[in-house]
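Chemist: Dropping the structure in here first, questions after.
The values are calculated or read from the model by the stated rules, or taken from the named source; none is laboratory data. Not measured: the values here are computed from a predicted model. FYI the Cβ positions are ideal-geometry reconstructions off the backbone, even for glycines, and counts take in every protein chain you see.
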Amino acid sequence: MEDGVKYIFKTLLKVPIIIVVTYFIFNIFAFCFIYFKMLGASYIVMQTAVENNYLPATELTTLHNYINQFNDIEMVSNAALIVGDDGTNLVVYDGVTTDPTVPEGLTTSDARRKTQYGHNVTVGVTCRFLPVWPLQHGRVEGFNPGSGDGTDYIGDPTTDMVVDIEANNITITYNVPGLKYYPDLIN
Amino acid sequence: MSVKTIFYTLIGTIVVIVTGCMLVELFNISIYSSQIANLAKVSAYQSCALFTQETYKTDLTANYGAVASPDILDSEGNLYISGDFYPGDTVEEIYLALYKSSDFTTAMSPLRSTYTNLDLMMKGLENNGHVTVPAISWNSSNADIQANRNATKANQFYKDHYTPANLGIPYMDIDTVSKMFRWNLAQLYSNCDSDLIQIDQTGKQFVNYKGFRCYVQDAQITNCTYEVYYMGKDPTGNEPNNHANESVAADFTARTGIRVKDVNGDTTGITVSTTKDIAGNIVKDNAAVTVVEVDYTMPVAYQGITPLDTLFEFVWNNSVEGLSGGPVDRTVTEDFDNLTTSQVTSTNVNGSHTIPSAGKLLFVLVN
């Protein structure tokens, strides 16, 4: 009888451990999958910036729509395209402003503005990976102020979004030189 | 816990660590080796495009991409890649250095029979803009008038600093394009961060790109091969005409992806035509397209992103001297131009562990 009770308790302990370990392994695979997808997307963004010195409006919209699709994955939130660096934070594309006046304090070129050969431009992608655990309650974390708790970013959401990148656990950025010479641009 | 268990645990831990490191290195190599190759191709292509734009003619200031770009420094503040691209300080100096060189003459001479304007341009250069212009009068023959026109044109080409690019021929000066190539590579691989330009054990600078050692200063354009696709003769061999030779056009399209109009009923693409000058000579310039095949290379070694390499080096460097003499010399070879497969694989010949990352691209100018 004692052995039977021992066995029951051991089983009761083993089952949740096995479940948690299985979820852990699943989360590792899911993280790797999402990371590599973001890496591939970041490479495309980088190559576009290198070949044009900035992200032209058409490509910008296409890339933004592609990165936005990642938000449809349940385990991803806050997926966004990085278009600059204001010296403190990375600046993400808001989906609207394609040719802005460079905000005060932007120390490197905004990737939405055409620059001359050799000038640096900071581009990349960012997102937050949300692991899945058993008995986890459902939550919605939104990027727009109306759909979520709205605390995942700082700054004015109606203009450029300034994202605290520490909130996102996958951030891939490149600081690349533009390699196209524009004869009509004055340095 | 028995002695056996302790050993099993120790060995198991080492196996897990080494296997984990190897998997990480394997993923790193798989992902970033293709990135290195692609970025090298982008750099080479953009350097060809920059050279073709002849920025020295419009902007002689040392601004980005014009005549020169800022020098690239390494992590210790020493010069790594110079930003001086062109050989000279004035338009005249640069023009003459590029187009009176033996490399230019060797590369473009075979094309003179196809391109009338190129022939005139080279005559202007050979005579320093003083090609003898034959006098003509009211009763001169067409041949004489054409000779007069040609000589005048040759002199005008020299005076206006005409280049093959102005005539629709993508000539690449290997030295200049190589300098631009290296500058592009160094900036790209280092993420514009001089801290990633480091120095190896032998004192040689390299760019650390995701665990790869890219010896960008030894990257170069190794060769440019020019091939002319003359589409002027129609299938029956007649010229001049406005219909491209379909077999030549098909070869051209297959190689470059650029379509030719009126070939196989195609209504889009480039148009070709041949004409006659007043002396009756066929002018082939508008029916010929030159494709340049650019070969480039860059030495690459791998240092890894995990301590695995350090571990192997520690084991390797603690070898005992054997019958053949001292320990293996693992210095990096300097002779990248003549790097052979045996040198890369052998650890006895200069101990080279670099591999040339080579590539090839096609560059076309359509006039």
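Table: residues versus (1) within 14 Å of another protein chain (Cβ to nearest Cβ); (2) within 24 Å of A:LYS114 (Cα to Cα).
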site	(1), (2)
A:ILE25	no, no
A:ILE28	yes, no
A:MET38	yes, no
A:VAL50	yes, yes
A:LEU55	no, yes
A:THR62	no, yes
A:ASN71	no, no
A:ASN78	no, no
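Chemist: Another question, then. Among the listed residues B:THR271, B:THR225, B:THR202, which satisfies the condition of being within 30 Å of B:GLN35 (Cβ to Cβ), more than 14 Å from chain A (Cβ to nearest Cβ), modelled with pLDDT under 85 and surrounded by fewer than 16 Cβ atoms within 10 Å (Cβ to Cβ)? Explain how you work it out, then say what you get.
Modeler: On the way: B:THR271 fails: within 30 Å of B:GLN35 (Cβ to Cβ); B:THR225 fails: modelled with pLDDT under 85.
Checking each option against the conditions leaves just B:THR202.
Chemist: Pull up the range B:17-63, narrow it to residues that are in a loop (DSSP other than H, G, I, E, B) and either over 30 Å from B:ILE169 (Cα atoms) or of a type outside the set (A, V, I, L, M, F, W, C) (or both), then point me to the one that is modelled with the lowest pLDDT.
Modeler: B:ASN63
Chemist: Hey, another quick one. Name, by its number, the condition in (1) touching a residue at least 12 places away in the same chain (Cβ under 8 Å); (2) more than 14 Å from chain A (Cβ to nearest Cβ); (3) surrounded by fewer than 18 Cβ atoms within 10 Å (Cβ to Cβ) that does not hold for B:SER33.
Modeler: Of the numbered conditions (1) touching a residue at least 12 places away in the same chain (Cβ under 8 Å); (2) more than 14 Å from chain A (Cβ to nearest Cβ); (3) surrounded by fewer than 18 Cβ atoms within 10 Å (Cβ to Cβ), the odd one out for B:SER33 is (2).
Chemist: Let me ask something else. Quick check: is even one residue across the range A:71-92 part of a helix (DSSP H, G or I), closer than 25 Å to B:CYS192 by Cβ and not hydrophobic (A, V, I, L, M, F, W, C)?
Modeler: no
Chemist: Is there a residue in the range B:159-178 that is within 14 Å of chain A (Cβ to nearest Cβ), farther than 30 Å from B:VAL260 by Cβ and in a loop (DSSP other than H, G, I, E, B)?
Modeler: Within the range B:159-178, none of the residues are within 14 Å of chain A (Cβ to nearest Cβ), farther than 30 Å from B:VAL260 by Cβ and in a loop (DSSP other than H, G, I, E, B).
Chemist: For a quick check of your reading of the model, give me the residue pairs whose first member lies in the range B:47-63 and is more than 22 Å from A:VAL50 (Cβ to Cβ), whose second is modelled with pLDDT under 90 and in a helix (DSSP H, G or I), with beta-carbon atoms closer than 9 Å and at least 6 apart or on different chains.
Modeler: B:TYR56/B:VAL91; B:LYS57/B:VAL91; B:LEU60/B:VAL91
Chemist: Among the residues of the range B:267-290, which ones are basic (Lys, Arg) and either assigned to a strand (DSSP E or B) or farther than 27 Å from B:ASN142 by Cβ (or both)?
Modeler: Answer for the range B:267-290, where residues must be basic (Lys, Arg) and either assigned to a strand (DSSP E or B) or farther than 27 Å from B:ASN142 by Cβ (or both): just B:LYS276.
Chemist: Taking the range A:44-70, which residues are part of a helix (DSSP H, G or I) and in contact with a strand residue (DSSP E or B) (Cβ under 7 Å, 6 or more places away or on another chain)?
Modeler: A:VAL45, A:MET46, A:ALA49, A:VAL50, A:LEU63, A:HIS64, A:ILE67, A:ASN68, A:PHE70
Chemist: Which one is modelled with the lowest pLDDT, of the residues in the range A:72-97 that are closer than 22 Å to A:THR48 by Cβ and touching a Lys or Arg at 6+ places or on another chain (Cβ under 6 Å)?
Modeler: It comes out as A:ASN78.
Chemist: Inspect all residues belonging to the range B:151-163 and state whether any of them is acidic (Asp, Glu) and within 30 Å of B:TYR80 (Cβ to Cβ).
Modeler: No: zero hits.
Chemist: Any residue at all in the range B:157-177 that is surrounded by fewer than 18 Cβ atoms within 10 Å (Cβ to Cβ), out of contact with any helix residue (DSSP H, G or I) (no Cβ under 7 Å at 6 or more places or on another chain) and under 25 Å from B:ASP218 (Cβ atoms)?
Modeler: Yes: one or more hits.
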